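Chemist: The structure under discussion is supplied below as structure tokens; questions concerning it will follow.
Please treat every number below as a calculation from the coordinates, not as lab data. Given the structure is predicted, the values throughout are model-derived calculations rather than measurements. Cβ: placed from backbone, ideal geometry, glycine included. Neighbour counts: every protein chain shown.
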Amino acid sequence: MSSYRRALSGDWYTDPVVFADEMDRIFARTWQLVGHVGQLAEPGDYLTASVGDQGVAVTRLADGSLHAMYNVCQHRGHELLTDDVGHTSSLTCPYHAWNYDLDGRLLHARGESVGEICVPSVRLDTLGGFLWVNLDDDAASLSDTVPDIEDELLAVAPSAAGRTLTHRRTHLVSANWKLAVENYNECYHCPNVHKSFTKGVVSPGSYRIAGRGQAIRHSAEAPASTGYSLAEGGQPYESFFVFPVSSIQCYPGEVLNTFRWVPLAVDRTLLIREWWFDSDTPTAEQHEIIDLDWRTTVSEDFSILDSVQRGLRSRGYVPGPLIERPDGVATVHSEDAVPHLHDLVRAALGR
Ligand code: FES
Ligand SMILES: [Fe+2]
């Protein structure tokens, strides 16, 4: 058994040159989740998000359409919008008060005639009501990039497009973004690290993770009997990861949440966990589900990620063998999606 593929060497996770390359060749060229149409119900509603190291804004225009653009004033570069979400009839830069229409067209420059100026727009698409942007005008469409994902999501969560943001939690990990998404896309660590997850939310023996191009699909059956309310109803668990840093999860009972990972530095990643129900305030039961998830499955990974980042700086680390199954579909006893992610990163960087 000498045919194992190997983990990536530490410099992939610690070298700022690799990180800068990833900003150009991965984050400026891929589709990334930024929110949901439910957050932009009315003309004038807006949200802001980070796409790699770039700030973007999505607005609902007066004609009802959606518009995405860089979140930057075309005078001397202040961010136009500074809140995560909000409502406004026009955008006034906080620095010198230049004023823009919701589509980024400059309306007034404090009475000066400075000519036609417009904030550069970026591509926007939706998938099951979720909003995605891509900074690359030449990239394939979202549906060509991850075919079938929208249909598969709507099959398990038919009401997905009608949801809105109910709750958001964030956490800063001291680890490279790839460690966070590798960890998310393997359940080889689940039996050891996530006792409550493997005891309650899903049936561990049924957990499968399969790479499919830019998507990685997770699925599991709910356990037959459990005290954990998420699993009631016997519906399966499905997750839809889209390379590089977005994922939508559907739990039994059409409970929907998402992960977004924002790469802040080579060894710093912001984790954003959001829950999507039909109201912006969670019920007591929803709050319990959100809290239990955060205290167990999500938090259990934080110290793991920080430790692996330290380990990858070790002069004593030699990249180890990755455990794969013959059919390439991971169970809780293999990590097949990890080399799949490595293939995507290598292809994007040409290394
Ligand atoms: S930077 Fe925005 S008005 Fe000057
Ligand atoms: Fe985990």
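Chemist: Would you report the distance distribution of C-alpha pairs in the range 70-224 as whole percents per 10 angstrom bin, up to the bin with the largest distance?
Modeler: With a bin width of 10 Å, the distribution comes to 8, 23, 30, 21, 13, 5, 1.
Chemist: Also, I was wondering about something else. Using alpha carbons only, what's the Rg to Rh ratio of the range 219-351 with Rh from Kirkwood?
Modeler: On the way: Rg = 17.5 Å, Rh = 17.5 Å.
Ratio value, two decimals: 1.00.
Chemist: I'd like to know which of LEU47, THR297, PRO147 lies farthest towards the positive end of the charge dipole of the chain, counting +1 on Cβ of Lys and Arg and -1 on Cβ of Asp and Glu.
Modeler: Looking along the dipole axis, the top candidate is THR297.
Chemist: Something else: About the Cα centre of the range 32-145, how large is the charge dipole given +1 on each Lys and Arg Cβ and -1 on each Asp and Glu Cβ? Please answer in debye to the nearest 20.
Modeler: Values: 5 positive and 16 negative charges, 59 e Å.
So the magnitude is around 280 debye.
Chemist: Could you please state, rounded to a whole Å, how far the C-alpha centre of the range 113-167 is from the C-alpha centre of the range 250-319?
Modeler: Rounded to whole Å, the Cα centres lie 22 Å apart.
Chemist: What number does the range 1-90 give for Rg over Rh if you use C-alpha atoms and the Kirkwood radius? Present the calculation step by step, with values, prior to reporting the outcome.
Modeler: Working: Rg = 18.5 Å, Rh = 15.7 Å.
In the range 1-90, Rg relative to Rh is 1.18.
Chemist: Right, here's the next one. Over its Cα atoms, what ratio of radius of gyration to 2.2 N^0.38 Å does the range 90-148 give? Provide the component values of the computation, followed by the final result.
Modeler: On the way: Rg = 16.2 Å, N = 59, 2.2 N^0.38 = 10.4 Å.
Taking N as the residue count of the range 90-148, the ratio is 1.56.
Chemist: Could you work out [θ]222 nm for the chain from helices alone, using -39500 (n - 2.57) per DSSP H run of at least four and dividing by all its residues? Round to the nearest 500 deg cm²/dmol.
Modeler: On the way: 9 runs with 69 residues, N = 351.
Mean residue ellipticity, 222 nm, calculated: -5000 deg cm²/dmol.
Chemist: Find the Cα radius of gyration of the chain, compare it with 2.2 N^0.38 Å by division, and give the number to two decimals.
Modeler: On the way: Rg = 21.1 Å, N = 351, 2.2 N^0.38 = 20.4 Å.
For the chain, the normalised Cα radius of gyration comes out at 1.03.
Chemist: Okay, next question. Hey, what D do you get for the range 32-145 in µm²/s if you plug the Kirkwood alpha-carbon radius into Stokes-Einstein at 25 °C and 0.890 mPa s?
Modeler: Numbers: Rh = 14.4 Å.
After rounding, the answer is 171 µm²/s.
Chemist: Can you give me the Kirkwood hydrodynamic radius for the range 144-264, using every pair of distinct Cα atoms, in Å to one decimal?
Modeler: Values: mean 1/r = 0.0654 Å⁻¹.
About 15.3 Å, per the Kirkwood formula over Cα pairs.
Chemist: Sorted from fewest to most neighbouring beta carbons within 10 Å, what does the list VAL298, VAL318, VAL242 look like?
Modeler: Values: VAL298 19, VAL318 9, VAL242 23.
With the fewest neighbours first, VAL298, VAL318, VAL242 line up as VAL318, VAL298, VAL242.
Chemist: A further question follows. In debye, nearest 20, what is the charge dipole magnitude of the chain about its Cα centre with +1 on Lys and Arg Cβ and -1 on Asp and Glu Cβ, if you could check?
Modeler: Details: 28 positive and 47 negative charges, 229 e Å.
The calculation lands at about 1100 debye.
Chemist: Further, regarding this structure: Apply the Kirkwood formula to the range 61-113: the hydrodynamic radius equals the inverse of the mean of 1/r over all pairs of different alpha-carbon atoms; give it in Å with one decimal. Please report the intermediate quantities before stating the final value.
Modeler: Values: mean 1/r = 0.0861 Å⁻¹.
After inverting the pairwise mean of 1/r, the radius is 11.6 Å.
Chemist: If the rule is a partner Cβ under 4.7 Å, which cysteines in the chain fail it?
Modeler: Within the chain, the cysteines lacking a partner Cβ under 4.7 Å are CYS118, CYS250.
Chemist: Mind checking the full-extension length gain between ASP327 and ASP103? Use 0.36 nm per residue of separation minus the Cα-Cα distance, one decimal, nm. Could the numbers behind the result be given before it?
Modeler: Working: separation 224, 0.36 × 224 = 80.64 nm, distance 4.81 nm.
The ASP327-ASP103 span can extend by a further 75.8 nm.
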